[in-house]
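Worksheet: the structure to be examined is printed underneath.
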Amino acid sequence: MSTSLSNDTIVIGAGVAGLMAALGRIERGERVLVLAKGHGATHWSSGCIDLLGEAAEPLAALQGLAAERPEHPYALAGAAALERGLDRLRAACEAAGSPLVVNTVPPPTPR
(Lines give C-alpha, C1' and ligand atoms only; values in the text may rest on other atoms or scores of the structure.)
Protein backbone atom coordinates (compact mmCIF):
# COMPACT_ATOMS: atom_id res chain seq x y z
CA MET A 1 0.00 0.00 0.00
CA SER A 2 1.41 3.36 -0.99
CA THR A 3 0.72 6.54 0.93
CA SER A 4 1.51 9.92 -0.50
CA LEU A 5 1.47 13.24 1.26
CA SER A 6 0.70 16.48 -0.47
CA ASN A 7 2.10 19.56 1.24
CA ASP A 8 2.93 22.98 -0.08
CA THR A 9 5.61 23.58 2.55
CA ILE A 10 7.71 21.46 4.89
CA VAL A 11 9.06 23.21 7.99
CA ILE A 12 11.95 21.53 9.75
CA GLY A 13 11.91 22.23 13.48
CA ALA A 14 9.16 22.67 16.05
CA GLY A 15 10.68 25.46 18.12
CA VAL A 16 9.21 28.95 18.22
CA ALA A 17 10.75 29.93 14.87
CA GLY A 18 9.55 26.76 13.11
CA LEU A 19 6.05 26.97 14.53
CA MET A 20 5.73 30.66 13.62
CA ALA A 21 6.98 29.91 10.10
CA ALA A 22 4.39 27.13 9.77
CA LEU A 23 1.65 29.40 11.11
CA GLY A 24 2.50 32.06 8.55
CA ARG A 25 2.23 29.56 5.69
CA ILE A 26 -1.02 28.11 7.05
CA GLU A 27 -2.46 31.63 7.23
CA ARG A 28 -1.70 31.90 3.50
CA GLY A 29 -3.79 28.79 2.87
CA GLU A 30 -0.94 26.35 2.40
CA ARG A 31 -0.86 22.73 3.57
CA VAL A 32 2.12 22.55 5.94
CA LEU A 33 4.04 19.62 7.38
CA VAL A 34 6.21 20.31 10.46
CA LEU A 35 9.06 17.83 10.96
CA ALA A 36 10.86 17.59 14.26
CA LYS A 37 13.10 15.10 15.96
CA GLY A 38 11.84 14.62 19.49
CA HIS A 39 10.27 17.53 21.30
CA GLY A 40 10.63 21.07 19.99
CA ALA A 41 12.38 23.65 22.14
CA THR A 42 9.01 24.93 23.30
CA HIS A 43 8.54 21.71 25.27
CA TRP A 44 11.66 22.33 27.35
CA SER A 45 11.89 26.11 27.57
CA SER A 46 10.58 28.46 30.21
CA GLY A 47 8.53 30.36 27.67
CA CYS A 48 10.79 33.38 27.91
CA ILE A 49 11.33 35.49 24.80
CA ASP A 50 14.45 37.53 25.53
CA LEU A 51 14.78 40.66 23.42
CA LEU A 52 17.65 42.66 24.91
CA GLY A 53 16.41 41.69 28.35
CA GLU A 54 19.11 43.66 30.12
CA ALA A 55 17.63 46.93 28.82
CA ALA A 56 14.81 48.70 30.65
CA GLU A 57 13.19 49.48 27.26
CA PRO A 58 14.32 46.69 24.89
CA LEU A 59 12.75 48.03 21.70
CA ALA A 60 14.22 51.48 22.35
CA ALA A 61 17.64 49.91 23.01
CA LEU A 62 17.64 48.47 19.48
CA GLN A 63 18.64 51.87 18.11
CA GLY A 64 21.88 51.81 20.12
CA LEU A 65 22.54 48.20 19.19
CA ALA A 66 22.07 48.95 15.50
CA ALA A 67 24.54 51.82 15.70
CA GLU A 68 27.15 49.75 17.58
CA ARG A 69 26.70 46.46 15.72
CA PRO A 70 24.96 46.96 12.36
CA GLU A 71 25.59 43.28 11.46
CA HIS A 72 23.58 42.00 14.46
CA PRO A 73 20.40 40.13 13.39
CA TYR A 74 18.21 42.49 15.45
CA ALA A 75 19.82 45.48 13.71
CA LEU A 76 19.35 43.88 10.29
CA ALA A 77 15.68 43.08 10.96
CA GLY A 78 14.90 46.48 12.47
CA ALA A 79 12.69 47.44 15.39
CA ALA A 80 9.48 47.55 13.34
CA ALA A 81 9.90 43.98 12.07
CA LEU A 82 10.76 42.70 15.56
CA GLU A 83 7.73 44.46 17.01
CA ARG A 84 5.48 42.93 14.32
CA GLY A 85 6.95 39.50 15.05
CA LEU A 86 6.33 39.86 18.78
CA ASP A 87 2.77 41.02 18.07
CA ARG A 88 2.18 37.93 15.90
CA LEU A 89 3.59 35.68 18.62
CA ARG A 90 1.38 37.36 21.25
CA ALA A 91 -1.69 36.87 19.04
CA ALA A 92 -0.86 33.20 18.40
CA CYS A 93 -0.34 32.54 22.12
CA GLU A 94 -3.57 34.35 22.98
CA ALA A 95 -5.51 32.34 20.36
CA ALA A 96 -4.10 29.12 21.86
CA GLY A 97 -5.30 30.14 25.33
CA SER A 98 -1.81 30.75 26.66
CA PRO A 99 -1.25 34.51 26.63
CA LEU A 100 2.30 35.82 26.45
CA VAL A 101 2.89 38.04 29.48
CA VAL A 102 5.30 40.93 29.19
CA ASN A 103 7.81 41.16 32.04
CA THR A 104 7.35 44.47 33.81
CA VAL A 105 10.13 43.91 36.33
CA PRO A 106 13.04 46.26 35.61
CA PRO A 107 16.45 44.64 35.08
CA PRO A 108 18.82 44.56 38.06
CA THR A 109 21.04 47.58 38.55
CA PRO A 110 24.71 46.78 37.88
CA ARG A 111 26.97 47.06 40.95
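Quick notes on this one:
- Scanning the stretch 40-55 for residues that are surrounded by 10 or more Cβ atoms within 10 Å (Cβ to Cβ) and either modelled with pLDDT of 75 or more or over 23 Å from Gly18 (Cβ atoms) (or both) yields Ile49, Leu51, Leu52, Glu54, Ala55.
- Members of the stretch 26-39 that are among the charged types (D, E, K, R) and either part of a helix (DSSP H, G or I) or modelled with pLDDT under 90 (or both): Glu27, Lys37
- Options Ala14, Ala92, Ala21: the member that is surrounded by 14 or more Cβ atoms within 10 Å (Cβ to Cβ), at pLDDT 85 or above and in a loop (DSSP other than H, G, I, E, B): Ala14
- Filter pass, Ser2 being modelled with pLDDT under 85 and loosely packed, with under 10 Cβ neighbours inside 10 Å: yes
- Test: Ala75 is surrounded by 12 or more Cβ atoms within 10 Å (Cβ to Cβ), more than 15 Å from the chain's Cα centre (by Cα) and either at pLDDT below 90 or of a type in the set (Asp, Glu) (or both): no
The values are calculated or read from the model by the stated rules, or taken from the named source; none is laboratory data. Note that the structure is a prediction, hence the values are computed from the model and not measured. Because the Cβ atoms are built from the backbone with ideal geometry, glycine has one as well, and the counts that use them run over all protein chains shown.
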